[in-house]
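Quick one: the structure is below, questions incoming.
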Amino acid sequence: MQPTSINPETGPIHVAIVEDDHDFCNALRQAVQEAEDMRLVGIADTRLAGLVMLEGPPADVLLVDLGLPDGSGIDIIKAASTCWPSCNIMVSTNFGDETHVMRSIEAGAAGYLLKDSSPTKMAVEIRSLANGGSPISPIIARQVLAHFRHNSNENSGTQERVPDSSQLLSAREKEVLDFITKGFTANEIAKLMQLSPFTIRAFVRRIYSKLKVKSRTEAIYEARALGLSLD
């Protein structure tokens with residue numbers, strides 16, 4: 001496979017890793033360092049070290065193991081969602097049970113891979129995550145679908161709750177949506193807000209998810225239908 005060069009418009013993908021399996025961590029480190037379009041910006045091997053790392057500059061992608069020697073990686077996912085709101089978080093773990101999967105997703109993970117994925121493939125998945133994808137191991141995807149199918153059956157016939165539109169989007173997300181309504185592209189918004197295009201794409205993906213839409217036009221329509229204030 002040919003190495004992927006850095007996109008001059010977006011720059012390198014900044015990657016941080018929280019992993020206590022030293023052999024797997026070293027393999028991940030090598031895969032990231034050998035990728036021309038990635039930069040390794042931090043490594044932690046405990047829950048505490050991971051939380052400390054979140055006090056530094058945010059990465060574009062954060063890989064998190066769940067089974068850490070001093071606690072759960074889910075705590076790091078929750079903290080990263082607050083400290084690094086624009087970061088794309090991916091779980092890399094041996095835990096494939098429904099409880100860990102759903103708690104990770106609810107905490108803010110956008111991808112979930114079991115450690116049967118090779119480090120080389122992980123580099124491909126990191127690239128996918130940074131560009132708006134949600135990499136997930138097939139067996140995990142089946143569990144997620146089954147979970148939501150079960151909940152859908154249980155909730156059939158119940159009245160759908162109307163979200164509190166005033167709290168639906170954060171101030172930063174509203175700012176991004178405002179630029180979207182004015183026709184700016186992700187790269188243009190990134191320059192205006194002095195953020196990386198990867199960060200803007202993460203905001204856009206989160207906005208679409210919260211508004212339950214799939215396109216720019218739908219996002220604008222739904223925002224106005226909910227009465228969101230856009231400058």
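The values are calculated or read from the model by the stated rules, or taken from the named source; none is laboratory data. Every value quoted in this text rests on a predicted model; they were computed, and no experiment measured them. Reconstructed Cβ throughout: ideal geometry from the backbone, glycine too, with neighbour counts over all protein chains shown. To get the accessible areas, we keep the full protein, side chains included, count just its heavy atoms, and leave off ligands, DNA and RNA. Shrake-Rupley method; radii C 1.70, N 1.55, O 1.52, S 1.80 Å.
Kindly indicate whether D75 is in contact with a Lys or Arg (Cβ under 9 Å, 6 or more places away or on another chain), closer than 18 Å to R201 by Cβ and not polar (S, T, N, Q).
No: the conditions fail for D75.
Could you list, ordered by first residue, the pairs with Cβ atoms under 8 Å in which the first is in the stretch 119-137 and open to solvent by 20 Å² or more (accessible area, probe 1.4 Å) and the second is part of a helix (DSSP H, G or I) and among the β-branched types (V, I, T), at least 6 apart or interchain?
As it stands, the answer is G132/V204; I136/V144, since those pairs meet every condition given.
Kindly list, by first and then second residue, each pair from a residue in the stretch 30-50 that is touching a residue at least 60 places away in the same chain (Cβ under 8 Å) to a residue that is among the charged types (D, E, K, R), limited to pairs with Cβ atoms under 6 Å and residues at least 6 apart or on different chains.
Once the first residue is touching a residue at least 60 places away in the same chain (Cβ under 8 Å) and sits in the stretch 30-50, no partner that is among the charged types (D, E, K, R) comes close enough.
Within the stretch 199-231, take every residue that is among the aromatic types (F, W, Y) and either closer than 10 Å to L177 by Cβ or at pLDDT 80 or above (or both) and give me the one that is surrounded by the fewest Cβ atoms within 10 Å (Cβ to Cβ).
Selected residue: Y208.
Which number in (1) in contact (Cβ under 8 Å) with a residue 24 or more places away in the chain; (2) of a type in the set (A, V, I, L, M, F, W, C); (3) not in a loop (DSSP other than H, G, I, E, B) marks the one condition that F95 misses?
(3)
Please go through the stretch 105-114 and pick out each residue that is crowded, with 20+ Cβ neighbours inside 10 Å and either modelled with pLDDT under 85 or not aliphatic (A, V, I, L, M) (or both).
Scanning the stretch 105-114 gives G108, G111, Y112.
Within the stretch 194-226, can you find the residues that are farther than 26 Å from G11 by Cβ, outside any helix (DSSP H, G or I) and either of a type in the set (G, A, S) or in contact with a Pro (Cβ under 8 Å, 6 or more places away or on another chain) (or both)?
Across the stretch 194-226, the qualifying residues are S215, L226.
Let me ask something else about it. Select, from D70, D97, the only residue that is at pLDDT below 90 and over 18 Å from the mean Cα position of the chain (by Cα).
D97
Ok, one more. Restricting to the stretch 83-104, what's the tally of residues that are over 27 Å from I13 (Cα atoms) and buried (at least 22 other Cβ atoms within 10 Å of the Cβ)?
Final tally of qualifying residues: 0.
Can you tell me how many residues within the stretch 29-55 are closer than 22 Å to K78 by Cβ and open to solvent by less than 30 Å² (accessible area, probe 1.4 Å)?
Total meeting the criteria: 4.
Please go through the stretch 51-67 and give me each residue that is among the small types (G, A, S) and free of Cβ contacts under 8 Å to residues at least 24 places away in the same chain, ordered by number.
Scanning the stretch 51-67 gives a single hit, G56.
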